[in-house]
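J.: My structure is below; once you've seen it, I'll send some questions.
Derivation of every value follows stated rules applied to the coordinates shown; laboratory data play no part. Quick caveat: nothing in here was measured; it's all calculated off a predicted structure. Heads up, the Cβs are rebuilt from the backbone with ideal geometry, glycines too, and the neighbour counts pull from every protein chain shown.
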Amino acid sequence: MTPSRTVWAPATPGKTVRIIDQRQLPWALVLEDLHTVENVATAIRDMHVRGAGCIGATAAYGMWLATETGVPLDTAATILKNTRPTAVNLAWAVDRMLREGATLDAANTIAEEDAAACQAIGRHGLVMLESLRKNLGRPDHAPLHILTHCNAGWLAFVAHGSATAPIYAAHDAGQLVHVWVDETRPRNQGARLTAWELARHGVPHTLIADNAGGHLMQNGQIDAVITGADRVARNGDVANKIGTYLKAVAAHDNAIPFYVAFPSSTLDWSLPNGKTIPIEERPASEITHLDGPDASGAIHTIALTPALSPVANPSFDVTPARLITGLITEYGLCHASEKSMQDIGLAPPPLTSRLASDIPS
Ligand code: MRU
């Protein structure tokens, strides 16, 4: 049976965190049990789990495992926060666990809230898609064509997803939606994960090379872009998987609406803009090698590039707020600006609930 969540603490055997090992998808659905903080750190760093909400919830469960295995909470917090720098959900979840005592209940609450926020994003995004259909004069029998980048589906959260939540909501409501899926080099989260998710849900979709989006936009084949986010600055600048910025530029040039969907746990109020969002540099092997099954199903890793060529692998980029048509959050839709975010009820955390280290001196 397919689990409906990406991370949870099974009742038996206890003191265990269970995840979907996303490295094995789409070829095999494999669950992995984590028992220690180090297990959790490895799972996040080596991307057994990935995606902003999913790594946040997994780190929260890692903090609970710290209490169960006698690891000091400040040590566990440092280990977990150092695994991946860009998605702020991770540090947000670890800090919240520090404040709330790192109990299983606290971790479960973070996971529940993540799932609920994504479900609400789906409801608000559905309204946006309905009005887009109306504005375009698109008849019911013709699909809306949505481009998405990377995987901001349920695998990237605890459930439902962010960018895909409106798509699932529209599909489930009987609306015709077709998704252009960027393959998303170098790790191919679009080709491996988003395509797998959409296929299982029965949502019509087509995989494309990352470079194809601009051409499709010029030819009227894309009605809107919806991506996720790993960290959103106070002014609405958005860090997301590398290549997102180029899609935003192309969408702007073609007057195609560009939406970013994320839960409030992805908002970093401490950053005035996207310039100081830390951009993770991932290993060169993600670019130089690929893995996949042969006809017998055995997985092999193959080399793609000349062995002596140096490689750079920045894993995220920042899309400026001015290129973003709208943000879709659990609070509703708004413009990519601090005022608009606050107008729908998104608000910086009160100073009293912040850690001393969060408060600028
Ligand atoms: O490196 P990843 O796979 O953890 O990257 C994160 C992402 O999946 C994307 O950037 C996504 O669009 C935002 S996270 C929901």
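J.: Taking the chain as a Gaussian network, Cα atoms linked when under 10 Å apart, which of SER315, SER265, SER285 shows the biggest mean-square fluctuation?
T.: SER285
J.: Could you list which residues have their amide H under 5 Å from that of ASP237, counting only those 5 or more apart in sequence or on another chain, with H placed in the peptide plane?
T.: GLY274, ALA321
J.: Expressed as a whole number of Å, what is the distance separating the alpha-carbon centroids of region 54-108 and region 177-243?
T.: A separation of 29 Å, based on Cα centres.
J.: Looking at region 191-332 only, what percent of DSSP beta bridges run antiparallel? Nearest 5 please.
T.: Beta bridges within region 191-332, antiparallel portion: roughly 60 percent.
J.: Still on this structure: So what's the back-of-envelope 222 nm ellipticity for the chain, counting only DSSP H runs of four-plus at -39500 (n - 2.57) apiece and dividing by all residues, rounded to 500?
T.: Taking each H run of at least 4 residues, the total per residue is -10500 deg cm²/dmol.
J.: For region 93-101, in order, what is each residue's ³J(HN,Hα) by Karplus, 6.51 cos²θ - 1.76 cosθ + 1.60 with θ = phi - 60°, in whole Hz (x at glycine and Pro)?
T.: Using θ = phi - 60°, the values come out as 5, 5, 5, 5, 5, 4, 5, 9, x Hz.
J.: Could the peptides 217-227, 70-80 be put in order, highest first, of the mean number of other beta-carbon atoms found within 10 Å of their residues?
T.: Highest-to-lowest ranking by the protection proxy: 217-227, 70-80.
J.: Run through region 228-274 and list the chymotrypsin sites (Phe, Trp or Tyr not before Pro) located in a DSSP loop whose Cβ has at most 11 other Cβ atoms within 10 Å.
T.: Taking region 228-274 and a limit of 11 other Cβ atoms within 10 Å, no loop chymotrypsin sites (Phe, Trp or Tyr not before Pro) are found.
J.: A further question follows. Quick one: dipole size for region 123-358, taken about the Cα centre, charges +1 on Lys/Arg Cβ and -1 on Asp/Glu Cβ, in debye to the nearest 20.
T.: The dipole magnitude comes to about 300 debye.
J.: Which one, GLN22, GLN189, GLN175, has the greatest fluctuation when you compute a Gaussian network model over the chain with C-alpha springs under 10 angstrom?
T.: GLN175
J.: Please pull out the direction-averaged projected area of region 174-248, using the convex hull of its alpha-carbon atoms, in nm² to one decimal place.
T.: Convex hull of Cα atoms, orientation-averaged projection: 5.9 nm².
J.: Which ³J(HN,Hα) values, rounded to whole Hz and listed in residue order, are derived for region 218-224 from phi using the Karplus coefficients 6.51, -1.76 and 1.60 in 6.51 cos²θ - 1.76 cosθ + 1.60 with θ = phi - 60°, glycine and proline given as x?
T.: Once rounded to whole Hz, the list reads 4, 9, x, 9, 10, 8, 6.
J.: Using modelled backbone amide H atoms (1.01 Å from N, in-plane), which distant-in-sequence or interchain residues come within less than 5 Å of LEU333's amide H?
T.: Result for LEU333 returns nothing.
J.: Please report the Cα spread of the chain along all three principal axes, rounded to whole Å, starting with the longest.
T.: Principal-axis extents of the Cα atoms in the chain, largest first: 60, 55, 44 Å.
J.: While we're looking at this one, here's another question. So for region 270-354, taking the charge dipole from beta-carbon charges (+1 Lys/Arg, -1 Asp/Glu), which of ILE287, THR329, VAL311 sits furthest toward the positive end?
T.: Highest projection toward the positive end goes to THR329.
J.: So, one more: In whole Hz, with x marking every Gly and Pro, tabulate ³J(HN,Hα) for region 8-19 from phi via Karplus 6.51 cos²θ - 1.76 cosθ + 1.60, θ = phi - 60°.
T.: Working through the residues one at a time gives 6, 10, x, 4, 10, x, x, 6, 9, 10, 10, 10 Hz.
J.: Checking the table LYS15/LYS339; LYS134/LYS241; LYS247/LYS339 against a 32 Å threshold on Cα-Cα, which pairs fail?
T.: Beyond 32 Å between Cα atoms: LYS15/LYS339.
J.: Ratio of alpha-carbon Rg to the 2.2 N^0.38 Å globular estimate for region 75-175, to two decimals, please.
T.: Against the compact-globule rule of thumb, the ratio is 1.38.
J.: By how many nm would the segment from GLU286 to ARG322 lengthen if fully extended, with 0.36 nm per residue of separation less the alpha-carbon distance?
T.: Result for the pair: 9.9 nm of gain on full extension.
J.: Next question. Sorted from fewest to most neighbouring beta carbons within 10 Å, what does the list CYS334, CYS54 look like?
T.: Least to most surrounded, the residues fall as CYS334, CYS54.
J.: Could you sort 201-209, 306-314, 122-130, 90-98 so that the peptide with the highest average Cβ count within 10 Å comes first and the rest follow in order?
T.: Packing proxy ranking, top to bottom: 90-98, 122-130, 201-209, 306-314.
J.: Over the Cα atoms of region 7-109, how large are the radius of gyration and the largest Cα-Cα distance (Dmax), in Å?
T.: 12.4, 39
J.: While we're looking at this one, here's another question. Taking amide H positions as placed in the peptide plane 1.01 Å from N, state which residues far from VAL177 in sequence (5 or more) or on other chains have amide H under 5 Å from it.
T.: Excluding prolines and chain starts, which carry no amide H, the hits are LEU144.
J.: A further question on this structure: Could you rank the peptides 159-169, 142-152 by their average count of other C-beta atoms within 10 Å per residue, with the highest value first?
T.: 159-169, 142-152
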